[in-house]
Amino acid sequence: MIEKNTPAFYAASFALCLAAVFVFANLHMLQPLLPLLSREFQLTPLQTSWSYAIGTLALGLSLLVYGALSDSYGRRTLLLWSLGGMALSTLALTQVESYHSLLVLRALQGFCLGGLPAIAIAYMGEEFSKTAMVVAVGYYISANSLGGISGRLLSGWFAEMNHWQWVFWPMGLGSALCTYLVWRYLPKSSYFQKQPFQLKQAMSDNWFHLRQKTLLLTYLIGGLNFFIFLNQYTFVAFRLSDAPYLLSSGWIGLLFITYLTGTVGSALSGKVGQRIHPALGMALGIAIMMLGTVLTAFNALTLIVFGFFISAFGFFLCHSLASSWVNQQAVKAKASASALYLVFYYLGASSGGLYLSPFWQHWGWNGVVAGSLLMFMLTLLLSLWLKRSAKAESG
């Protein structure tokens with residue numbers, strides 16, 4: 001097994017963290033560009049948001065494919081193929097001339113991006129010792145958030161330097177280099193045991209998980225929270241690009257630095273889960289998101305930014321607790337239970353714009369705030385129901 005503080009540990013951690021940075025940078029790099037795309041293609045905010053949402057939708061659905069295929073064909077090989085596809089699809093985006101082609105290539109890119117989140121934790125669980133895995137997973141999750149932040153920041157500033165298509169060149173070339181470095185430094189699997197792909201068994205496991213009340217409630221909490229949280233950033237980009245703020249794509253990209261408080265929320269989730277029931281911890285995170293959302297209703301830019309700092313802390317606190325809870329509560333096929341949580345998570349991200357768009361069209365940002373609070377009230381009730389259901393099952 002790969003032990004902590006060995007050359008193999010540093011090589012594998014470097015490779016997986018580098019892949020995480022580029023995967024999530026590619027996934028989220030389009031979000032600060034949405035106002036630019038709306039003007040370029042003369043589309044409504046909802047129509048434009050699909051260029052971003054279709055990537056997260058394809059990623060979410062691909063998790064069901066990659067997880068099963070990696071059990072049959074190996075973790076490292078499938079990961080390298082998916083990273084190669086990521087680089088090629090990103091470079092292909094430099095040649096986009098129509099909105100339709102942008103959607104098609106973003107869907108392809110999103111499918112390729114799903115390889116890493118479906119495979120990384122499974123690879124670490126097989127190849128790392130328990131002590132090494134705890135440390136490596138912490139590095140990996142931090143790299144996820146770093147990738148999301150850096151992709152948005154860089155794309156916003158690159159777009160200001162040249163045409164918006166230009167941003168895909170450095171990201172595509174960097175993704176190609178990333179693929180090579182992962183091939184070079186990620187150790188080959190030593191403990192992988194090939195399992196024949198059985199579609200019937202995979203579907204049976206997923207159906208079993210969906211029939212467990214505590215798991216289904218957790219899936220809904222995670223998915224519906226991301227349903228709102230991620231899409232708030234989409235609509236606030238349109239708000240800040242318009243009067244009286246008139247912020248450029250570069251400055252809008254800086255808003256995503258607010259994700260940094262999410263890293264703190266994730267780090268504290270373990271301590272919160274030890275002091276109170278995880279479901280109550282989720283409820284606490286949702287209440288914090290509601291507070292942050294209310295602050296964004298004010299017109300002062302400082303309060304808007306501060307509100308997103310607070311919301312990001314609450315969201316990642318809840319998300320981390322929900323992810324851990326799924327792993328703890330799954331009585332079998334834990335990998336598929338966790339993958340199913342991510343499917344709900346990314347399906348929520350890709351569909352939240354449909355829900356918030358009518359609020360935006362009729363009442364502007366205040367409508368988005370109202371629609372967000374309504375959904376957070378629902379997830380808050382679900383978290384309290386989860387606490388009650390878990391207590392009933394345990395005793």
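The values are calculated or read from the model by the stated rules, or taken from the named source; none is laboratory data. Model, not experiment: these values are computed from the prediction. Every residue, glycine as well, gets a Cβ built from its backbone with ideal geometry; the counts of neighbours run over all protein chains shown. The protein model used for the area step is the full one, side chains on, heavy atoms only, and it has no ligands, DNA or RNA in it. Shrake-Rupley method; radii C 1.70, N 1.55, O 1.52, S 1.80 Å.
Restricting to region 29-84, what's the tally of residues that are open to solvent by 30 Å² or more (accessible area, probe 1.4 Å), over 30 Å from residue 187 (Cβ atoms) and assigned to a helix (DSSP H, G or I)?
So the count comes out to 10.
Hey, can you tell me all the residues within region 90-111 that are crowded, with 24+ Cβ neighbours inside 10 Å and farther than 16 Å from residue 350 by Cβ?
Across region 90-111, the qualifying residue is only 90.
Need pairs with beta-carbon distance below 6 Å; first residue of a type in the set (S, T, N, Q) and within region 250-262, second open to solvent by 10 Å² or more (accessible area, probe 1.4 Å); sequence gap 6+ or separate chains.
Correct list of pairs: 258/309; 261/309; 261/313.
Please enumerate the residues belonging to region 263-286 that are more than 10 Å from residue 318 (Cα to Cα) and either out of contact with any helix residue (DSSP H, G or I) (no Cβ under 7 Å at 6 or more places or on another chain) or in contact (Cβ under 8 Å) with a residue 60 or more places away in the chain (or both).
263, 267, 270, 271, 274, 275, 276, 277
If a residue must be open to solvent by 30 Å² or more (accessible area, probe 1.4 Å), in a helix (DSSP H, G or I) and of a type outside the set (Phe, Trp, Tyr), how many such residues does region 151-170 contain?
Final tally of qualifying residues: 6.
Given the structure, is residue 144 closer than 30 Å to residue 252 by Cα and either open to solvent by 40 Å² or more (accessible area, probe 1.4 Å) or of a type outside the set (Gly, Ala, Ser) (or both)?
Judged against the criteria, residue 144 is a match.
Which one of these is open to solvent by 20 Å² or more (accessible area, probe 1.4 Å), modelled with pLDDT of 90 or more and under 18 Å from the mean Cα position of the chain (by Cα): 216, 210, 220, 246?
From the options 216, 210, 220, 246, the qualifying one is 220.
Residue 137 - would you say it is closer than 22 Å to residue 63 by Cβ, of a type in the set (Val, Ile, Thr) and free of Cβ contacts under 8 Å to residues at least 24 places away in the same chain?
yes
Assigned to a helix (DSSP H, G or I), open to solvent by less than 60 Å² (accessible area, probe 1.4 Å), over 30 Å from residue 246 (Cα atoms) and of a type in the set (Val, Ile, Thr): is that true of residue 305 in this structure?
no
Within region 179-229, count every residue that is within 23 Å of residue 83 (Cβ to Cβ) and either hydrophobic (A, V, I, L, M, F, W, C) or assigned to a helix (DSSP H, G or I) (or both).
Total meeting the criteria: 10.
In the set 273, 253, 262, which member is assigned to a helix (DSSP H, G or I), in contact with a His (Cβ under 9 Å, 6 or more places away or on another chain), within 24 Å of residue 346 (Cβ to Cβ) and at pLDDT below 90?
On inspection, the qualifying residue turns out to be 262.
For residue 356, only one of the following conditions fails: (1) touching a Phe, Trp or Tyr at 6+ places or on another chain (Cβ under 7 Å); (2) open to solvent by 10 Å² or more (accessible area, probe 1.4 Å); (3) not aromatic (Phe, Trp, Tyr). What is its number?
Here residue 356 meets the rest and fails (2).
In region 280-288, is there at least one residue being over 21 Å from residue 388 (Cβ atoms), in a helix (DSSP H, G or I) and of a type in the set (A, V, I, L, M)?
Yes, region 280-288 contains at least one residue that is over 21 Å from residue 388 (Cβ atoms), in a helix (DSSP H, G or I) and of a type in the set (A, V, I, L, M).
Results for (1) under 24 Å from residue 143 (Cβ atoms); (2) in contact with a Ser or Thr (Cβ under 9 Å, 6 or more places away or on another chain); (3) of a type in the set (D, E, K, R), shown as yes or no for each residue.
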{"position": "254", "(1), (2), (3)": "yes, no, no"}
{"position": "261", "(1), (2), (3)": "yes, yes, no"}
{"position": "267", "(1), (2), (3)": "yes, yes, no"}
{"position": "287", "(1), (2), (3)": "no, no, no"}
{"position": "299", "(1), (2), (3)": "no, no, no"}
{"position": "309", "(1), (2), (3)": "yes, yes, no"}
{"position": "342", "(1), (2), (3)": "yes, yes, no"}
